[in-house]
Structure formats: structure tokens, C-alpha cells
Amino acid sequence: MDVPEIIDNGLTQMLSSIIDQESDEILDVHLINGQNTVPREANNTGRIEGVSMELCESIIQFLCKSNKRFSIKTLHILDRNTVHDERGNAYPIFSGFLVETATGSIFPATFDKTIYPDATVRAARLMTSHGTYKRLLETYETMSDKYVIAPCSW
């Protein structure tokens, strides 16, 4: 999986749907939920590694090279979002969050009997649109407040 390309495509698609390309508006950014996925004993180099590191790094690189202007309001990722159990296994402090769109307020979310939201919903975000190559599937309709899974390819 080419994480930087997926991040670039996904963020470009998202930005094009919410802001005019010529806009000089500053966009607030909240990065939450990337944890340090490497167990404590396995990471004695002092470096953060793992899938979340690659994802977070790709997002930050996209923001830096973009011609859009961003203001990072929340940065709760990697070691700042990681706790370890007695065996050294890493777990996220926040496994999700809720955004109150009317005010922009952000609240931690919890999920009963699981660390993350339902796998089907998570996987659907990574599918690509059936009609447009490399366009991520848009699963959530904000106007109707519904998840809609349309035809897609994997």
C-alpha cells in the first residue's frame, strides 16, 4: 500500500469538496488517534515506528507541501495518544472522537467491547469509488447524517 499517495489523494479529494481552490481561508486541523503501534520492548531505538507513524508523517508532509493554509489546533497522536499495558502492548488513549459540527467542539469517544469502531465502517473508507479511479469512497452524507455504502472496488 502506497500510504503517501493514498493520503495525498484522500486529503486532496476532501479539501476539494469543502473549500474553493482559490480560497485563502485558514483551515483548522485536528489530528487525533494515531498511536505508537510498536510494543515498548520492541522499540528500544528511541524512534517511533509502525503504521501510525507512517500515516501521521504522510499527513503532516501533505499539510506542509500544500498551497492551502492550515492552523493545527489539536495534535494528539503517536506517543501522546499511547498507553502500554503490563506486557508492553500499545493501546490508544483515544480510540475515536466526536466533532460537534455546529461549534467545532471535539470530544473523546469510546466504543463498547472494542478498541476501534466497527471494522466494516473503517474498511469502507479505504474503498475506491466505482466510477472514478483512485477517488476514495465517500461513505458519510453530512446532509442526511447517514452512512451510505455505494458500489465500489477494493
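The set of residues in the stretch 69-89 that are under 23 Å from Ile6 (Cα atoms) and surrounded by fewer than 16 Cβ atoms within 10 Å (Cβ to Cβ) comprises Arg69, Phe70, Ser71, Ile72, Thr74, Leu75.
Pairs are defined by a Cβ separation below 7 Å, a sequence spacing of at least 6 or placement on different chains, a first member in the stretch 68-89 that is over 15 Å from Val29 (Cβ atoms), and a second member that is at pLDDT 85 or above; the pairs so defined are Leu78/Cys56.
The residue that is nearest to Phe94 (Cα to Cα), counting only those in the stretch 1-35 that are modelled with pLDDT of 85 or more, of a type in the set (D, E, K, R) and within 17 Å of the chain's Cα centre (by Cα), is Asp28.
The values are calculated or read from the model by the stated rules, or taken from the named source; none is laboratory data. Just so you know, these numbers come straight off a predicted model, no measurement behind them. Cβ coordinates were reconstructed from backbone atoms using ideal geometry, including for glycine residues, and neighbour counts include every protein chain displayed.
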